[in-house]
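Report on one structure; see the data block that follows.
The values are calculated or read from the model by the stated rules, or taken from the named source; none is laboratory data. As the structure is a computational prediction, the values presented were derived from the model and not from experiment. Every residue, glycine among them, receives a Cβ derived from its backbone with ideal geometry; neighbour counts consider all protein chains shown.
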Amino acid sequence: MPEKFSKWVACWGNATSITDRKEATYAKDLTLRYPIRACFSGSKLRFHFSNLTGTESVQISEAYVAKSAQSLDAAQSSTTSEKPASISAYSPCAITFGGRASATIPAGEEILSDEIAFDVTAGEDVSLYFADFTQMNAGTAITGPLSGGKYSYGNFAKSATLPDDLTRKTNWIYFLNTIDIFTEEKNFALVCFGDSITAQDWPDYLTLRCAREGFNNVAIIRRAVSGTRILREYSCITYAAYGLKGATRFPIEMNVAGARTVIVQHGINDIIHPVGVEVNKFRPWSDMPTADDLINGVRSLYITHARKLGLKIYSGTLLPIYGWRTYNENRDIIRTAFNEWLRTAPDFDGCVDFDKAVRGHDDPKAFAAGFDSGDHLHPSAKAYEAMAECVPEELLQ
């Protein structure tokens, strides 16, 4: 009988960027736990860890993967054990590196774990423990109904539950970059590349849509960082968390096993950020692009590299910005011209018209009623669902 599982496919992934430089930039004696939702089954896992934007090496003291307590409760609801099923059946499996339980991620680098035999059939938890002082400078913030994690003070990496009094939720994903699953040939990954719009909810809603509509062979991989631009990046700690520019990000973030297609929805920050040095010394007018600048950037940085990798590439139009604090007519002219190219350029395999899905019918410069989060830049939850719904089925089949 032929082997059922035959190739590696990324089943979970996020970008790695510079974390927001608040007062505390180091942690010690810290456990991180992230819930992972695998949409298809497999026999092995491997884990990518990234310290891409760190300036010091990071030591992972321990790392584990386990069936989540929630999934164990659901699978074993009929247990007669005195302990809840999630506690009695919780069995963490060590993630190793060259056979060792701990690993060092050098500054500016990424590492890959050993291949871990693991029956992937339900939700999993990944837990990381950092015993010594650790520079928390490599990660990204994400939101959505499937996203987020927890951190605890102390070593609870092997515990089924985390102590309430020492635990808080977090939307920052540190160091854990991508998880690959050894799975069937028919399964594949779809990459969503962008900025805060993509770092927020619509990729999660797309995952939920896939489950609801029976598209069970595609994993949605998010590569998004809030504030990033195609053509520029900041060199000050005030805006460091806005991350790397597209020229740097794209080649690194397209390292996705089993990927077939990438949706690129990027460029709005290039348009809305410049305000002039008299207003903000880090945001000069010289950073303001033309529509042609954005077009040439996407062609040279994204399309060319995607083709080298054999990926299909779909454009994603930019959303309305009417009412945003730096809105003016010239910015919207640039957005509109860029969107027209994204819709019609033969360079792409197709277009996902996010703008059309969320804009108003009477005033297409603004969000439709109920689709504005309130800041006139980011969509509401309802609008993020509409974005997920407008992704063509051909990308999910």
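Check G360, G374 and return the single one that is assigned by TED's automatic domain parsing to the domain that holds R307 and on the phi > 0 side of the Ramachandran plot.
Every option except G374 fails the conditions.
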If I filter segment 250-269 for residues that are out of contact with any strand residue (DSSP E or B) (no Cβ under 9 Å at 6 or more places or on another chain), aromatic (F, W, Y) and in contact (Cβ under 8 Å) with a residue 24 or more places away in the chain, do I get at least one hit?
no
Can you find a residue in segment 327-342 that is among the acidic types (D, E) and closer than 30 Å to P251 by Cβ?
yes
Residue that is within 17 Å of the chain's Cα centre (by Cα), among the polar types (S, T, N, Q) and closer than 20 Å to W12 by Cβ, where the choices are N216, N255
N255
Between T140, T178, which is within 19 Å of the chain's Cα centre (by Cα), within 30 Å of F371 (Cβ to Cβ) and buried (at least 18 other Cβ atoms within 10 Å of the Cβ)?
T140
Positions within segment 365-381 being farther than 14 Å from W324 by Cβ and exposed (fewer than 14 other Cβ atoms within 10 Å of the Cβ), in sequence order:
A369, G370
Just the residues that are assigned to a strand (DSSP E or B) and touching a Ser or Thr at 6+ places or on another chain (Cβ under 9 Å), please, taken from segment 256-285.
I263, V264, Q265
Name the strands (runs of 3 or more DSSP E) wholly inside segment 62-156 in which the number of residues that are modelled with pLDDT of 85 or more and of a type in the set (D, E, K, R) is 1 or more.
62-67, 110-112, 116-120, 149-153
Name every residue in segment 220-239 that is under 15 Å from T53 (Cβ atoms) and surrounded by fewer than 24 Cβ atoms within 10 Å (Cβ to Cβ), in order of residue number.
S226, G227, E233, Y234, S235, C236, I237, Y239
Find the residue count for segment 1-36, including only residues that are in a loop (DSSP other than H, G, I, E, B) and either closer than 26 Å to A131 by Cα or within 24 Å of the chain's Cα centre (by Cα) (or both).
12
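To keep it simple, each residue is scored yes or no on (1) of a type in the set (S, T, Y); (2) in contact with a Gly (Cβ under 7 Å, 6 or more places away or on another chain); (3) part of a loop (DSSP other than H, G, I, E, B).
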site	(1), (2), (3)
F182	no, yes, no
E185	no, no, yes
A189	no, yes, no
I197	no, no, no
D204	no, yes, no
T207	yes, no, no
C210	no, no, no
F215	no, no, yes
S226	yes, no, yes
